[in-house]
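Accompanying notes for the structure given below.
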Amino acid sequence: MNAWLQEAADKSNPLIERMRFLGIYSNNLDEFYKVRFAELKRRIIISEEQGSNSHSRHLLGKIQSGC
């Protein structure tokens, strides 16, 4: 589990701090997916243009299905 998520789940932290930790976690997760998905899609497009079989398409399918 992510450290930010652990802090958000810790009931000894004040509620406002727990909400702040959730916000940081959510923001980090959004940024991760924006960067990683863009790179994965770029690789898929390149491999399709080159006519090669891409592991990236398989990986994207697994991610979208929830692994």
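Let me spell it out: the conditions are (1) at pLDDT 85 or above; (2) surrounded by 11 or more Cβ atoms within 10 Å (Cβ to Cβ); (3) part of a helix (DSSP H, G or I), and Glu31 meets all of them except one. Which number is the exception?
That leaves (2) as the condition not met.
When region 29-62 is examined, which residues are found to be under 30 Å from Ala3 (Cα atoms), aliphatic (A, V, I, L, M) and without any contact (Cβ under 8 Å) to a residue 12 or more places away in the chain?
Result: Leu29, Val35, Ala38.
What is the residue count in region 39-61 for residues that are outside any helix (DSSP H, G or I) and surrounded by 13 or more Cβ atoms within 10 Å (Cβ to Cβ)?
1
Applying the selection to region 1-36, what residues are closer than 27 Å to Ile63 by Cα and in contact with an Asp or Glu (Cβ under 7 Å, 6 or more places away or on another chain)?
If the condition is that a residue be closer than 27 Å to Ile63 by Cα and in contact with an Asp or Glu (Cβ under 7 Å, 6 or more places away or on another chain), then Phe21 is the only one that fits.
The values are calculated or read from the model by the stated rules, or taken from the named source; none is laboratory data. All values reported here derive from a predicted model rather than from experimental measurement. Glycine gets a Cβ as well: all are built from the backbone with ideal geometry, and neighbour counts include every protein chain shown.
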